[in-house]
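Notes follow the structure.
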Amino acid sequence: MVRAEITVTGIIQGVGFRPFIYRLAHRFGLSGMVINTEAGVFITASGPQKKVDRFVVAIRKDAPPLAVISSLNSVVTKIRSPEQSHGFEILPSRDGGTEIGPVAPDTAACPACLAELFDPENRRYRYPFINCTDCGPRYTIIKKIPFDRPSTAMADFPMCDACSAEYADPADRRFHAQAISCPACGPVIDLVDRHNSPVGAENPLVECGRLLRAGKIVAIKGVGGFHLAVDATNYEAVGVLRARKNRAAKPLAIMVPDLATGKKIAEIDSVEQEWLCGPHKPVVLLSRRKDAILAPNVAPDNTLIGIMLPYTPLHHLILREAGVPALVMTSGNLAGSPIVKDNEEAMERLAGVADFFLFHNLDIVTRNDDSVIRVAGDGEITVLRRARAFVPVAVHLACDAGKTLALGAMVKNTVCITRGGEAFVSQHIGDLDNLETVRRQVKMARNFGKLLRIEPDLMVHDLHPDYPSSRYARMQKNIAVVPVQHHHAHAVSCMAEHGLPGPVIAITLDGTGYGPDKTVWGGEVLIAEHGFYDRVAHLRQVHLPGGEMAIREPWRMAVSHLYSAYGSDYAALSLPVIAHHQEMIPPLTRMMGRSFNSPLTSSCGRLFDAVAALLDLRYEVSYEGEAAAALEMLIPAKFKALAPYDFSMEQVRKFLVISPGPIITGVVDDIRKKRSPEEISIRFHMTIIEAFTKTTLLLREKTGLNQVVLSGGVFQNMVLLFGLKERLRAAGFLVYAHRLVPTNDGGLALGQAVAGRAIRRQARR
């Protein structure tokens, strides 16, 4: 006879782990107990040694579908005789510690719950909040750890006798399901108009479906916030939504009832299908079919469409009642503001957008937007927005990052908090260009640490001195503060994902990042370690005429690159971009000549903007990356590689400088020859791939380094990402790209945290 004391850590709270252990112990005839502690789950199990050994093995082998076991430690001692016991028990959770296990993310409705949802004989038939230990809300309803009902928003809904019986029955799927409820005791839905007056409908869901079919905009409260929903096949209704939300051109995500409908709208390969149908249910960016039955203004001038399948019971019911092929399901917010999560907040902020509101009375504790991914040509995913179903799963580090809080970037902001070898990156917060989002970021940083019970002793921010997060960090009096350069953070973010200590060659390509030389970086190659970087190569700098205006008006970057390539003679070129902005050419030329309101930039993102404007694709943009995306979308899924343009490289002091001048003159020559925009885009992409491959080869000769990391928003471009990975791997490099956090600025906080801690340690030596 033996007694085992077992400690399990990982995502094991709120996933039915204790009921699983209880049933497993009974299966092997063992006595003991299981308890949630601040650090994880603690188990004692007594019985014959063979059975105890098999029990320990089965904990890993048969764990619940939502459980992620990080560690399992077992200490076995011999006992002379069976211990006196009342069998095997689930004990009340033990609270009060400072170290806790990770919180489980929200998970899509499981097949068993969906079967009950549409079973007329089931007591939860058509109940929008059906869930069990294998599915449902977790992160968005939890107030504090451990994950027990009193610590969640479900504390407001006492269980009825029927639910209590299921909750207490070890044989039931809802045994210790903390969010259990039913129509008799759980949350309810309500349909109101934009004046908050009840809609006199016998069944709010049926009426909601009718309103959507009629072209109305409905704000729907979901699991992490509100969606704005409208019939995705109704051109006029989609146009009204765009006008009211002030979203002129940015593509809108859609939700389809099932995979079969999705395949009528987009091309879906096996990897994309796996992600669409899996438990995460993110928005997946897919190649839109030419015969897709969608309003053209859902994703205007775009070959991609963002599709997700329903992930809550409420979504399944709404789609069934609406009876349309697809619904636009875009974030319930105004442009630039965080997603709305509360009923009163929704009525205040969205009454000018939505015609009707489908409310429910379950509080959303933490707002959480939909995650967005894209699959590259090699089958690896790129996370574009990391939120629902991914957060707050930890990124496991190969280093000790201490207890560090990183405040992230100016755009696509997230925060990151670390505890030793674990990094917790928050959900997407937004852009810090408005006071509301800045306040939301500060609140998120505080609440995230409080939920995880991590009291940071180091705060990290971007090197840019005027970012709101930088100013906030400098105001702190009781914590050490470290700035980290933007592209160094990008590099370390990818390194941290893959457990790379460095040094590595880091190709970091994006739109904007503040450099220590007070210029705008963005086309950088670094030699990077966690606590150190050396800028060794970059794109030649050009002017950013008008400063931030050049980001919103890509034609300015076309003019800047023409000026850099041709000098002042560029104004005589017969090009559409010149003709279209003839009146502005002389003042811009003077601005750049005098370096007035024209900071220097090495941005690769702005180079993409320039070529897009030269090809007459976009002169102005309404969202980040619009011009670059238009350039990428000229290239078909299957294309023949063409010869790259010429480019020059020279050593300038310690830097290897790649000059885009010959690239620009090559593009202009092709425009004059009336070569197709598709061919020009292919040649341009091939040139960028070739230029950075050649740079990397030269650096390997100098340094002997063979590991390359790719990071930055430009690598959201799948043609570039896949092409550069292939080219570098063919040259014998070990190439690493992002898989767990966004390659854009949404993943920057992870790199800031790891780099900031390393810099702090070095400074204290």
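The values are calculated or read from the model by the stated rules, or taken from the named source; none is laboratory data. Values in this document were obtained by computation on a predicted structure and should not be read as measured data. Here the Cβ positions follow ideal geometry from the backbone for every residue, glycine too, while neighbour counts run over all protein chains shown. For accessibility, only protein heavy atoms count, side chains too; no ligands or nucleic acids. Shrake-Rupley method; radii C 1.70, N 1.55, O 1.52, S 1.80 Å.
Computed quantities for the displayed model
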quantity: Solvent-accessible area per residue for the chain (1.4 angstrom probe, square angstrom); calculated: 39 Å²
quantity: Distance between modelled label sites at Ala58 and Glu650, nm, 7 Å Cα→Cβ extension; calculated: 7.4 nm
quantity: Region 522-554 versus region 634-710: alpha-carbon centroid distance in Å; calculated: 16 Å
quantity: Isotropically averaged projected area of region 166-207, using the convex hull of Cα atoms (one quarter of hull area), nm²; calculated: 4.4 nm²
quantity: Residues in region 351-373 that a label on Ala243 would reach, taking backbone N under 15 Å of a point 7 Å out along Cα→Cβ; calculated: 352-355
quantity: Accessible surface, 1.4 Å probe, highest first, among residues Asp269, Asp193; calculated: Asp269, Asp193
quantity: Label-point gap, in nm, between Glu267 and Glu202 - each point 7 angstrom along Cα→Cβ; calculated: 4.8 nm
quantity: Estimated FRET transfer efficiency (Asn597, Asp291; beta-carbon r; R0 41 Å; 0.05); calculated: 0.30
quantity: Karplus (6.51, -1.76, 1.60) ³J(HN,Hα), θ = phi - 60°, over region 280-285, in Hz, Gly and Pro reported as x; calculated: 6, 6, x, 6, 10, 7
quantity: Other-chain or far-sequence residues with amide H under 5 Å of Thr382's (modelled H); calculated: Arg374, Val375, Ala376
quantity: Sequence of Ile268, Ile141 when ordered by accessible area, the most exposed leading, probe 1.4 angstrom; calculated: Ile268, Ile141
quantity: Cut-off under 5 Å, modelled amide H: who pairs with Thr330 long-range; calculated: Leu228
quantity: Sequence of Glu274, Glu679 from largest to smallest accessible area, 1.4 Å probe; calculated: Glu274, Glu679
quantity: Probe 1.4 Å - accessible area at Val324, Å² to nearest ten; calculated: 20 Å²
quantity: The chain, relative contact order in percent, only Cα pairs under 8 angstrom and at least six apart counted; calculated: 11 percent
quantity: The chain: Cys lacking any partner C-beta under 4.7 angstrom; calculated: Cys113, Cys132, Cys163, Cys182, Cys208, Cys277, Cys399, Cys416, Cys494, Cys604
quantity: Within the accessible area of the chain (1.4 Å probe), percent carbon and sulfur; calculated: 51 percent
quantity: Spin-label proximity, Arg123 to region 147-181 - amide N less than 13 Å from point 7 Å beyond Cα toward beta carbon; calculated: 159-169, 174, 181
quantity: Two-site label geometry, His396 and Ser574: point separation in nm, points 7 Å out along Cα→Cβ; calculated: 6.4 nm
quantity: Interchain or long-range residues, amide H under 5 Å from Val460's placed H; calculated: Leu405, Ala406, Leu407, Val482
quantity: Gain in span if fully extended, Asp669 to Arg439, counting 0.36 nm per residue against the direct Cα distance; calculated: 77.8 nm
quantity: Per residue convex hull volume, Cα atoms of the chain, in Å³; calculated: 175 Å³
quantity: Leu698 accessible area, assembled protein chains, probe 1.4 Å, Å²; calculated: 60 Å²
quantity: Residue-by-residue Karplus 3J(HN,Hα) for region 641-646, coefficients 6.51, -1.76, 1.60, Hz, glycine and proline x; calculated: 5, 10, 5, x, 6, 5
quantity: The chain - mean residue ellipticity at 222 nm from DSSP helices (-39,500 (n - 2.57) per run, n ≥ 4, rounded to 500); calculated: -10000 deg cm²/dmol
quantity: Calculated from backbone phi, Karplus (6.51, -1.76, 1.60) coupling profile of region 390-405 in Hz, x at Gly/Pro; calculated: 9, 9, x, 4, 6, 8, 7, 9, 9, 9, 9, 9, x, 10, 10, 10
quantity: Extension gain from Ala115 to Arg729, taking 0.36 nm per residue of separation minus the Cα-Cα distance; calculated: 216.4 nm
quantity: Accessible surface of Glu678 - all protein chains present, 1.4 Å probe, nearest 10 Å²; calculated: 80 Å²
